[in-house]
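Worksheet for the structure shown next.
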Amino acid sequence: MMSTERKRRQNADDDALPAHSAAILQSSLDMLSTAYRRAGLTVNAKKMEVRSLVTNHDSSASLFTVRDDLLVQAREFTYLASILSDDCRLESEIEHCIKAASSAYGRLLHRVFLNRDLAIPTKVAVYKAVCVSVLLYGCEAWTPYQCHIKALEAFHVRWLQTILGVRWWQKMPHIEMFSKAEITMVKHLLAQRQLRWLQHLIRLPDQSINQFLKWPKWHNHCKDH
(Lines give C-alpha, C1' and ligand atoms only; values in the text may rest on other atoms or scores of the structure.)
Protein backbone atom coordinates (compact mmCIF):
# COMPACT_ATOMS: atom_id res chain seq x y z
CA MET A 1 0.00 0.00 0.00
CA MET A 2 2.86 2.38 0.81
CA SER A 3 4.36 1.83 -2.66
CA THR A 4 1.04 2.44 -4.40
CA GLU A 5 0.34 5.58 -2.38
CA ARG A 6 3.84 6.91 -2.97
CA LYS A 7 3.69 6.39 -6.73
CA ARG A 8 0.29 8.08 -6.92
CA ARG A 9 1.53 11.12 -5.03
CA GLN A 10 4.66 11.51 -7.16
CA ASN A 11 2.49 12.41 -10.14
CA ALA A 12 0.82 15.34 -8.34
CA ASP A 13 2.12 18.91 -8.28
CA ASP A 14 0.12 19.63 -5.13
CA ASP A 15 -1.02 17.40 -2.34
CA ALA A 16 -2.90 17.58 0.95
CA LEU A 17 -2.64 15.50 4.10
CA PRO A 18 -5.81 15.82 6.17
CA ALA A 19 -5.73 14.52 9.74
CA HIS A 20 -7.94 14.55 12.82
CA SER A 21 -5.12 15.12 15.29
CA ALA A 22 -1.65 16.62 15.47
CA ALA A 23 -0.08 13.24 16.16
CA ILE A 24 -1.61 11.64 13.08
CA LEU A 25 -0.55 14.57 10.87
CA GLN A 26 3.04 14.45 12.12
CA SER A 27 3.10 10.68 11.56
CA SER A 28 1.82 11.17 8.01
CA LEU A 29 4.47 13.82 7.34
CA ASP A 30 7.21 11.51 8.61
CA MET A 31 5.98 8.64 6.45
CA LEU A 32 5.73 10.93 3.42
CA SER A 33 9.27 12.18 3.91
CA THR A 34 10.61 8.64 4.41
CA ALA A 35 8.83 7.27 1.35
CA TYR A 36 10.12 10.06 -0.87
CA ARG A 37 13.67 9.77 0.49
CA ARG A 38 13.70 6.06 -0.36
CA ALA A 39 12.61 6.96 -3.88
CA GLY A 40 15.47 9.45 -4.19
CA LEU A 41 13.23 12.49 -3.80
CA THR A 42 13.18 15.33 -1.29
CA VAL A 43 10.21 17.05 0.32
CA ASN A 44 10.68 20.82 0.21
CA ALA A 45 9.57 22.08 3.62
CA LYS A 46 9.68 25.70 2.43
CA LYS A 47 6.77 25.02 0.09
CA MET A 48 4.67 23.26 2.73
CA GLU A 49 2.15 24.95 4.99
CA VAL A 50 0.00 23.71 7.85
CA ARG A 51 -3.52 24.96 8.49
CA SER A 52 -5.20 23.97 11.75
CA LEU A 53 -8.94 24.22 12.29
CA VAL A 54 -9.05 25.72 15.77
CA THR A 55 -11.33 28.16 17.52
CA ASN A 56 -8.53 30.24 19.03
CA HIS A 57 -5.01 31.08 17.96
CA ASP A 58 -2.40 30.92 20.69
CA SER A 59 1.19 29.91 21.24
CA SER A 60 0.14 26.43 22.34
CA ALA A 61 -0.69 25.40 18.78
CA SER A 62 1.12 22.26 17.65
CA LEU A 63 4.28 22.63 15.60
CA PHE A 64 5.04 20.28 12.71
CA THR A 65 8.34 19.39 11.10
CA VAL A 66 9.70 17.57 8.08
CA ARG A 67 13.22 16.25 8.68
CA ASP A 68 13.75 18.81 11.47
CA ASP A 69 12.54 21.68 9.25
CA LEU A 70 9.72 23.60 10.90
CA LEU A 71 6.62 24.07 8.74
CA VAL A 72 4.84 27.40 8.43
CA GLN A 73 1.53 27.74 10.29
CA ALA A 74 -0.83 29.49 7.85
CA ARG A 75 -4.11 31.21 8.70
CA GLU A 76 -5.14 30.63 5.09
CA PHE A 77 -3.58 29.35 1.90
CA THR A 78 -4.52 28.56 -1.66
CA TYR A 79 -4.92 24.93 -2.71
CA LEU A 80 -6.05 24.04 -6.25
CA ALA A 81 -7.11 27.68 -6.79
CA SER A 82 -9.35 27.63 -3.70
CA ILE A 83 -8.62 29.70 -0.60
CA LEU A 84 -8.76 27.64 2.60
CA SER A 85 -8.97 29.49 5.91
CA ASP A 86 -8.51 28.13 9.41
CA ASP A 87 -11.91 29.43 10.56
CA CYS A 88 -13.68 27.79 7.56
CA ARG A 89 -15.23 31.11 6.54
CA LEU A 90 -15.91 31.89 2.88
CA GLU A 91 -15.27 35.63 2.81
CA SER A 92 -11.80 35.38 1.28
CA GLU A 93 -12.93 32.70 -1.19
CA ILE A 94 -16.00 34.68 -2.31
CA GLU A 95 -13.99 37.89 -2.64
CA HIS A 96 -11.36 36.11 -4.71
CA CYS A 97 -13.99 34.59 -7.04
CA ILE A 98 -15.72 37.95 -7.51
CA LYS A 99 -12.44 39.68 -8.35
CA ALA A 100 -11.45 36.93 -10.81
CA ALA A 101 -14.88 36.96 -12.48
CA SER A 102 -14.85 40.78 -12.65
CA SER A 103 -11.47 40.66 -14.35
CA ALA A 104 -12.73 38.12 -16.90
CA TYR A 105 -15.88 40.18 -17.47
CA GLY A 106 -13.84 43.35 -17.98
CA ARG A 107 -11.64 41.74 -20.62
CA LEU A 108 -14.71 40.65 -22.58
CA LEU A 109 -16.80 43.77 -22.01
CA HIS A 110 -16.14 45.69 -25.23
CA ARG A 111 -15.33 42.75 -27.48
CA VAL A 112 -18.38 40.68 -26.54
CA PHE A 113 -20.91 42.11 -24.10
CA LEU A 114 -21.10 45.62 -25.63
CA ASN A 115 -20.65 44.39 -29.20
CA ARG A 116 -23.80 45.29 -31.13
CA ASP A 117 -22.99 42.74 -33.84
CA LEU A 118 -23.55 39.88 -31.40
CA ALA A 119 -26.96 38.62 -30.39
CA ILE A 120 -27.98 38.49 -26.74
CA PRO A 121 -28.08 34.65 -26.63
CA THR A 122 -24.47 34.61 -27.83
CA LYS A 123 -23.42 37.11 -25.17
CA VAL A 124 -25.21 35.18 -22.45
CA ALA A 125 -23.62 31.92 -23.62
CA VAL A 126 -20.15 33.48 -23.32
CA TYR A 127 -21.10 34.93 -19.94
CA LYS A 128 -22.16 31.50 -18.67
CA ALA A 129 -19.09 29.75 -20.02
CA VAL A 130 -16.55 32.26 -18.72
CA CYS A 131 -17.83 34.59 -16.02
CA VAL A 132 -20.24 32.29 -14.21
CA SER A 133 -17.70 29.45 -14.25
CA VAL A 134 -15.09 31.71 -12.64
CA LEU A 135 -17.58 33.26 -10.20
CA LEU A 136 -18.70 29.86 -8.88
CA TYR A 137 -15.40 28.01 -9.17
CA GLY A 138 -15.14 25.47 -6.38
CA CYS A 139 -18.68 26.16 -5.15
CA GLU A 140 -19.35 22.42 -4.89
CA ALA A 141 -17.52 22.48 -1.55
CA TRP A 142 -19.09 25.71 -0.27
CA THR A 143 -21.54 26.10 2.58
CA PRO A 144 -22.59 29.70 1.92
CA TYR A 145 -24.66 31.98 4.09
CA GLN A 146 -27.22 34.41 2.76
CA CYS A 147 -24.69 37.27 2.89
CA HIS A 148 -22.39 35.33 0.54
CA ILE A 149 -25.21 34.62 -1.92
CA LYS A 150 -26.27 38.28 -1.85
CA ALA A 151 -22.72 39.40 -2.68
CA LEU A 152 -22.56 37.01 -5.64
CA GLU A 153 -26.08 37.90 -6.74
CA ALA A 154 -25.29 41.63 -6.80
CA PHE A 155 -22.52 41.16 -9.36
CA HIS A 156 -24.56 38.63 -11.31
CA VAL A 157 -27.46 41.10 -11.69
CA ARG A 158 -25.20 44.03 -12.53
CA TRP A 159 -23.41 42.14 -15.27
CA LEU A 160 -26.66 40.87 -16.79
CA GLN A 161 -28.07 44.39 -16.84
CA THR A 162 -25.08 45.50 -18.90
CA ILE A 163 -25.38 42.55 -21.28
CA LEU A 164 -29.11 43.14 -21.82
CA GLY A 165 -28.73 46.91 -22.02
CA VAL A 166 -31.03 47.47 -19.04
CA ARG A 167 -30.72 50.88 -17.33
CA TRP A 168 -31.52 51.52 -13.70
CA TRP A 169 -34.42 53.86 -14.47
CA GLN A 170 -36.19 51.13 -16.40
CA LYS A 171 -36.75 49.27 -13.12
CA MET A 172 -36.96 45.86 -14.78
CA PRO A 173 -37.73 43.12 -12.21
CA HIS A 174 -34.98 40.59 -11.76
CA ILE A 175 -37.30 37.71 -12.65
CA GLU A 176 -38.09 39.35 -15.98
CA MET A 177 -34.39 40.00 -16.62
CA PHE A 178 -33.46 36.38 -15.86
CA SER A 179 -36.24 35.18 -18.15
CA LYS A 180 -35.06 37.44 -20.97
CA ALA A 181 -31.48 36.19 -20.63
CA GLU A 182 -32.62 32.58 -20.15
CA ILE A 183 -30.53 32.23 -17.02
CA THR A 184 -31.39 31.83 -13.36
CA MET A 185 -30.26 33.50 -10.15
CA VAL A 186 -26.99 32.68 -8.44
CA LYS A 187 -28.44 30.55 -5.64
CA HIS A 188 -30.04 28.26 -8.22
CA LEU A 189 -26.86 28.06 -10.29
CA LEU A 190 -24.93 27.20 -7.14
CA ALA A 191 -27.45 24.51 -6.14
CA GLN A 192 -27.33 22.99 -9.64
CA ARG A 193 -23.56 22.66 -9.49
CA GLN A 194 -23.60 21.17 -6.00
CA LEU A 195 -26.28 18.64 -6.94
CA ARG A 196 -24.40 17.70 -10.11
CA TRP A 197 -21.27 17.10 -8.04
CA LEU A 198 -23.24 15.04 -5.51
CA GLN A 199 -24.61 12.87 -8.31
CA HIS A 200 -21.06 12.29 -9.50
CA LEU A 201 -19.98 11.16 -6.02
CA ILE A 202 -22.99 8.88 -5.61
CA ARG A 203 -22.11 7.04 -8.82
CA LEU A 204 -18.56 6.34 -7.60
CA PRO A 205 -17.81 3.06 -5.81
CA ASP A 206 -16.84 3.38 -2.15
CA GLN A 207 -13.16 2.68 -2.76
CA SER A 208 -13.00 5.40 -5.42
CA ILE A 209 -14.43 7.95 -2.98
CA ASN A 210 -11.71 7.12 -0.47
CA GLN A 211 -9.04 7.54 -3.13
CA PHE A 212 -10.63 10.79 -4.31
CA LEU A 213 -10.55 12.26 -0.80
CA LYS A 214 -6.87 11.26 -0.60
CA TRP A 215 -7.28 10.43 3.07
CA PRO A 216 -3.93 9.33 4.51
CA LYS A 217 -3.94 5.69 5.56
CA TRP A 218 -0.29 5.56 6.53
CA HIS A 219 -1.03 5.93 10.23
CA ASN A 220 -3.10 2.74 10.29
CA HIS A 221 -0.55 1.07 8.02
CA CYS A 222 2.20 1.75 10.57
CA LYS A 223 0.11 0.27 13.38
CA ASP A 224 -0.49 -2.90 11.35
CA HIS A 225 3.22 -3.34 10.73
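The values are calculated or read from the model by the stated rules, or taken from the named source; none is laboratory data. The structure displayed is predicted, hence computed values, not measured ones. All Cβ positions, glycine included, derive from the backbone under ideal geometry; neighbour counts span all protein chains shown.
The figures follow:
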read-out: Odd one out for Y105 among (1) modelled with pLDDT under 95; (2) in contact with a Phe, Trp or Tyr (Cβ under 8 Å, 6 or more places away or on another chain); (3) not in a loop (DSSP other than H, G, I, E, B); value: (1)
read-out: Residues being more than 18 Å from A119 (Cα to Cα) and part of a helix (DSSP H, G or I) - total across the stretch 158-174; value: 5
read-out: Whichever residue in the stretch 38-95 is of a type in the set (S, T, N, Q) and farther than 25 Å from H148 by Cβ and, among such residues, is modelled with the lowest pLDDT; value: S59
read-out: Filtered residue count, the stretch 96-122, keeping only those that are in contact (Cβ under 8 Å) with a residue 24 or more places away in the chain and either touching a Leu at 6+ places or on another chain (Cβ under 8 Å) or surrounded by 13 or more Cβ atoms within 10 Å (Cβ to Cβ) (or both); value: 11
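Residue by residue, here is whether (1) under 25 Å from the mean Cα position of the chain (by Cα); (2) outside the structural domain of G106 (by TED's automatic domain parsing); (3) part of a helix (DSSP H, G or I) holds:
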{"position": "V124", "(1), (2), (3)": "yes, no, yes"}
{"position": "C131", "(1), (2), (3)": "yes, no, yes"}
{"position": "P144", "(1), (2), (3)": "yes, no, no"}
{"position": "A151", "(1), (2), (3)": "yes, no, yes"}
{"position": "H156", "(1), (2), (3)": "yes, no, yes"}
{"position": "E176", "(1), (2), (3)": "no, no, yes"}
{"position": "T184", "(1), (2), (3)": "yes, no, no"}
{"position": "Q194", "(1), (2), (3)": "yes, no, yes"}
{"position": "Q199", "(1), (2), (3)": "yes, no, yes"}
